[in-house]
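A short worksheet on the structure shown next.
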2 protein chains.
Amino acid sequence: MVKIKDIAEACQVSIGTVSKALNRSHEISEETTRKIIKKANELGYVANSNARSLKTKRSYSLGIIYFDSTNSGLEHEYFSVMLNGIKKEAEESGYDVVLISNKIGGLKNSYLSHAKYRGCDGVIIVSADFKNPKITTLVESDLPTVTIDHLFHNRTSILSDNVKGLETIVEYLHDKGHKKIAFIHGEDTEVTRNRLASFYRTCQKLKLDIPDSYIKEAQYHIPKYSGLATRELLALEDRPTCIIYPDDYSYLGGLTEIEKHKLKIGEDISVVGYDGIYLSRVLRPVLTTYVQDSNKIGMMAARKLIEMIENPKTYIPEQVVISGYLQQGKTVKTLNSL
Amino acid sequence: MVKIKDIAEACQVSIGTVSKALNRSHEISEETTRKIIKKANELGYVANSNARSLKTKRSYSLGIIYFDSTNSGLEHEYFSVMLNGIKKEAEESGYDVVLISNKIGGLKNSYLSHAKYRGCDGVIIVSADFKNPKITTLVESDLPTVTIDHLFHNRTSILSDNVKGLETIVEYLHDKGHKKIAFIHGEDTEVTRNRLASFYRTCQKLKLDIPDSYIKEAQYHIPKYSGLATRELLALEDRPTCIIYPDDYSYLGGLTEIEKHKLKIGEDISVVGYDGIYLSRVLRPVLTTYVQDSNKIGMMAARKLIEMIENPKTYIPEQVVISGYLQQGKTVKTLNSL
DNA sequence: TTGTAAGCGTTATCAG
DNA sequence: CTGATAACGCTTACAA
C-alpha cells in the first residue's frame, strides 16, 4: 500500500509537502503540487481514511441506525426508499453511509457506543422502538443526530405528517358519506399515537361517534394480524362501512379476509391504506391511501444532519414535516349521493 | 472523549496493560482486568476504530457497491431484501456495512480507491453494469471481493440460477401446451444473456420454433418499456399465447397494455414474471413467476466474503448458485387438455 | 514555499 | 504478569 512517505521519497520532498499538495493547499507551489499529484497517480496512491480521521476527527460518514423487532425493516418499501434518499443526498456531499450494527467482536454494544466507535460524524435514527434505551442514550449524547418520525427534545427530527394524514383520510371518508369508520392501527409508537389522536380528534370535529369496538391494534406490516382484526370487525353486529389500515401491506391481510366473506371491496366494504407504496397503485382496485414521501424524508434527514455536522455552532434544531397526500383509488364507496 | 490513557491513569497501570485487558488478553491477571473493565465502564470509554484499524489493518466493515443508472436500485425489493440479508449476516459476525459512494470531498473516485480509502475488509459488488471500468478495476485488485449475479475470473460470485429459471419457465409453459412463447428480456447484462441463452436452448430442446419478432428488449424494472414491448407483441399478426417478462414490476407495464386490449390475463393471454417479489403474490390473478431467493443471496454473499477475509490463505474462490423455484400463479392458461 | 516534528488512539514487541 | 516504546499514516503548527 503506497503512502504519503513513498510519494515524498519519489519526489524528493518532505511528507508535509506531499500532504499539503494532495489537499490542494495553496501554500505549495503549483509546480510542486502538479509533480506530486502526477507521482501519486502513477504510484496508485490511495489515502487512508483511518489515519486521516484519527487526526482530523472527521470521518465523512453518516451512521444509520435501524432497529426493529422483525429484523426485516429494510425490506419495507417505506424504508428502502428512505434509505435510498439518504444515500443519494449523502453522496452528493461526499459522505458515506454506514449501517450501524450493535455487535462488534461478538459483544453487544449500545448503538451509541457503536456509532462513536465507528467515528460517524452524525447519525440518523430510523427506529420503530424509541423507548429502547439503546436508542435513547444515543440521542442524549453529543453526537449530531436526526430522528425520523419521532420527536426528541431539542433535537432535529424529520416527521411524516401523520396528523394531517389521518385528518385527511377521515375528512375524505366523511365527505363520501361514511359514518361508521373502523381504524386498525399499528403497535404503540409515537407515529401510532399521533395517528390515533388525529383520528379521534377529526371524528369528534365531524361529530362521528366511533365505538371502541371499531378500534383495533395490529402490528405494522404483518398482513396476518390485520387480517385477524378485519375478521373481528366483520363479525360485529353493526359492521363499519369502512376500514382504515395501518399500512398498505396490512391491507392485504384484510383483503384476504374480506374476500373470504365474499364482500366486494369498494362496494360492500370500503378500505383505506397508508404509505402509498408502489403496490397500492398497481393493485386492482387501486387502493385509496395516504402517500408518504419517504424519498424526501430520507433526503431531508441526510441534508439536515450534514448541515448540523458542518455548522455545529450555528445550527438550530428543527422539526421538518414532510407532507404527503391522499391517493384517491377505487376502494372507497360514495355512500351519499349529492 | 475518554481514551485508554485516561483509564491507565485512573487505574495506575500502563496503557499497554489497559489495551490488553480490554481485549481480554490472558497475559493480564484476572483481577487487574476486572478493575480496568470496571473503570472503563465508569468513565464511559468507547474504543476508537480509526486508531485500531490504523494499527491492525482490519476494519470489520464490508463495503457494498451498488451502481445503477437510475440511482434508485435500493428501492427494488430484489435489492433491498438482498441488502437486508447482507446486513443480518454481517452483523452476526460483527461487521458493519458501508454503502460505498464514489465521491469524496467533491472529487469522483473509482469505487476501488474508495473502498480502499475506507479501509473496508472486503467488498460486495451488486451492479447492473459490470462493464463499467470503475467496477472492473476493483475486481482486479487485491481486495477480497464477492460479486453478485456476475462471474469474474477466479473470483467468488453468488449467482441466482437464471439458467434453470428460464428452463423451468419454458418447460412449464410447454407442459401447459404453449408453443408461441414471447420473451421480453432486460437490457444486456450477464444475467440477461444467461436467461436468453437458456430460453433459446430450452425452446430448441422442446422443438419450439420462436420467431425473432417474439423476442423484445425492455429495461428492467421500468413498466413503461415492457408495456411498449407488449403492445408490439399484441399487434403481431400471429400473436404469442404467452409473454415472459423481465421481472415482476415490468409485468405491470404489460398488464396495463393487455387491459387496454380488453384481454383477460390467464385466459386470452398468459404471462410469466421473474423475481417473485411480494407483489406477485398479492396481485389478482396471482402471478406465475420464478422466485429468486434474494435474502439468501445476500446472506451467502456476506458469509463468503467474511470467510475470504478471515482465511485469506486457504480460501478458494467459488461460484455459489442459489436456486429459486416456480411460483404457479393463475396467469398461465392450460392450452392442452390432457 | 518547503521542511520538521508532534501527536491523533491504538496495538504489539520486547524487556523486566 | 506488567511496563515502556515504537509504530500505523496522516495533518498541522511552527520553523526555516
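The values are calculated or read from the model by the stated rules, or taken from the named source; none is laboratory data. Here the structure is a predicted model, which is why all the values come from computation and not from measurement. Please note: Cβ atoms are built from the backbone with ideal geometry, for glycine as well, and neighbour counts cover all protein chains shown. Note: accessible area is taken over every heavy atom of the protein model, side chains too, but ligands, DNA and RNA are not part of it. Shrake-Rupley method; radii C 1.70, N 1.55, O 1.52, S 1.80 Å.
Qualifying chymotrypsin sites (Phe, Trp or Tyr not before Pro) in region B:254-311, where qualification requires a DSSP coil assignment and no more than 10 other C-beta atoms within 10 Å, are lacking entirely. When the convex hull of its Cα atoms is viewed from all sides, the protein assembly as shown shows a mean projected area of 37.2 nm².
For the pair A:THR256 and A:SER337, label points projected 7 Å from Cα toward Cβ lie 3.7 nm apart.
Annotation: amide H-H contacts under 5 Å for B:SER160 (H modelled 1.01 Å from N, sequence separation of 5 or more, or interchain): B:ASP149, B:ILE322. Pair-distance distribution of chain A: all C-alpha pairs, bin width 20 Å, starting at 0; shares per bin in whole percent are 27, 43, 21, 9, 0. Of the listed residues B:LYS38, B:LYS304, A:LYS35, the order by accessible area with a 1.4 Å probe, largest first, is B:LYS38, A:LYS35, B:LYS304. Between A:ILE15 and B:ALA10, the C-beta separation translates, for a Förster distance of 41 Å, into a calculated FRET efficiency of about 0.70. Ordered from largest to smallest accessible area (heavy atoms of protein chains, 1.4 Å probe), the residues B:THR289, A:THR256 come out as A:THR256, B:THR289. Taking Cβ atoms as reference points and 10 Å as the exclusive limit, the residues near B:ALA182 contribute a net charge of +2, counting Lys and Arg as +1 and Asp and Glu as -1. Overall shape: oblate for region A:48-102, with the ratio a/c of the largest to smallest alpha carbon gyration tensor axis at 1.5 or above and b/c at least equal to a/b.
Computed from the C-alpha gyration tensor, the three semi-axes of the ellipsoid equivalent to region B:4-56 are 17, 13, 9 Å, from longest to shortest. Give me the accessible area of B:THR189, 1.4 Å probe, in Å² rounded to the nearest 10. Rounded to the nearest 10, that gives 20 Å². Counting charges near A:VAL291 (Lys, Arg +1; Asp, Glu -1) among other residues having Cβ under 14 Å from its Cβ returns a value of -3.
If R0 is taken as 25 Å, the Cβ-Cβ distance between B:TYR315 and B:ALA51 corresponds to a FRET efficiency of 0.30. Largest mean-square fluctuation among A:LEU159, A:LEU22, A:LEU228, in a Gaussian network model of chain A whose springs join Cα atoms under 10 Å apart, belongs to A:LEU22. Largest to smallest in accessible area, the residues B:HIS221, A:HIS185 fall in the order B:HIS221, A:HIS185 (1.4 Å probe, all protein chains included).
When nucleic acids and ligands are ignored and a 1.4 Å probe is applied, B:PHE67 ends up with an accessible area of around 40 Å².
Please give the per residue accessible area of the protein assembly as shown, computed with a probe of 1.4 Å over protein heavy atoms only, in Å².
Details: 30610 Å² over 676 residues.
Ligands and nucleic acids excluded, the result is 45 Å² per residue.
Placing unit charges on C-beta atoms (Lys and Arg positive, Asp and Glu negative, everything else neutral), compute the dipole magnitude of chain A about its Cα centre in debye, rounded to 20. Numbers along the way, then the final one.
Details: 45 positive and 42 negative charges, 135 e Å.
For chain A, the charge dipole is close to 640 debye.
Using just the helices of the protein assembly as shown, give the 222 nm mean residue ellipticity in deg cm²/dmol: DSSP H runs with n ≥ 4 each add -39,500 (n - 2.57), and the total is spread over all residues, rounded to 500. Rounded to the nearest 500, the figure is -13500 deg cm²/dmol. So which residue, out of A:GLU237, A:GLU190, A:GLU30, gets the largest mean-square fluctuation from a GNM of chain A using Cα contacts under 10 Å as springs? Among A:GLU237, A:GLU190, A:GLU30, the largest GNM mean-square fluctuation belongs to A:GLU30. Which residues among region A:215-239 fall inside the zone where the amide N is under 11 Å from a point 7 Å beyond the Cα of A:THR192, along Cα→Cβ? Hits in region A:215-239 for A:THR192 at 11 Å: A:216-221.
For chain B, the share of DSSP beta bridges that are antiparallel, to the nearest 5, is 15%. In a Gaussian network model over chain B where Cα atoms closer than 10 Å are linked, find which of B:LYS55, B:LYS88, B:LYS207 has the largest mean-square fluctuation. Looking only at B:LYS55, B:LYS88, B:LYS207, the largest GNM fluctuation is found for B:LYS55.
Going by a ≥ b ≥ c, the root eigenvalues of the Cα gyration tensor, does region A:182-233 fall in the rounded group (a/c under 1.5), the prolate group (a/b larger than b/c) or the oblate group? It is oblate, given that a/c is not under 1.5 and a/b is not larger than b/c.
From the Cα gyration tensor of region A:162-292, with a ≥ b ≥ c the square roots of its eigenvalues, which class applies: rounded if a/c is under 1.5, or else prolate if a/b is larger than b/c, or else oblate? Kindly include the intermediate steps, with their values, before the conclusion.
Numbers: a/c = 1.30, a/b = 1.14, b/c = 1.14.
Here region A:162-292 falls in the rounded category.
What net charge is computed for the residues neighbouring B:ILE148, neighbours being all others with C-beta under 12 Å from the C-beta of B:ILE148, Lys and Arg scored +1, Asp and Glu -1?
Details: positive: B:ARG155, B:LYS296, B:LYS304; negative: B:ASP149, B:GLU190.
That works out to +1.
In the assembled protein chains, B:THR334 presents an accessible area of approximately 70 Å² (probe radius 1.4 Å).
Interface B-A: total buried accessible area of about 5000 Å², 1.4 Å probe, protein heavy atoms only. For region A:265-280 versus region B:275-334, the spacing of their alpha-carbon centroids is 30 Å.
With r as the distance between the Cβ atoms of B:GLU267 and B:LEU206 and R0 = 22 Å, compute the FRET efficiency 1/(1 + (r/R0)^6) and round to 0.05.
Values: r = 24 Å, r/R0 = 1.08.
Approximately 0.40, to the nearest 0.05.
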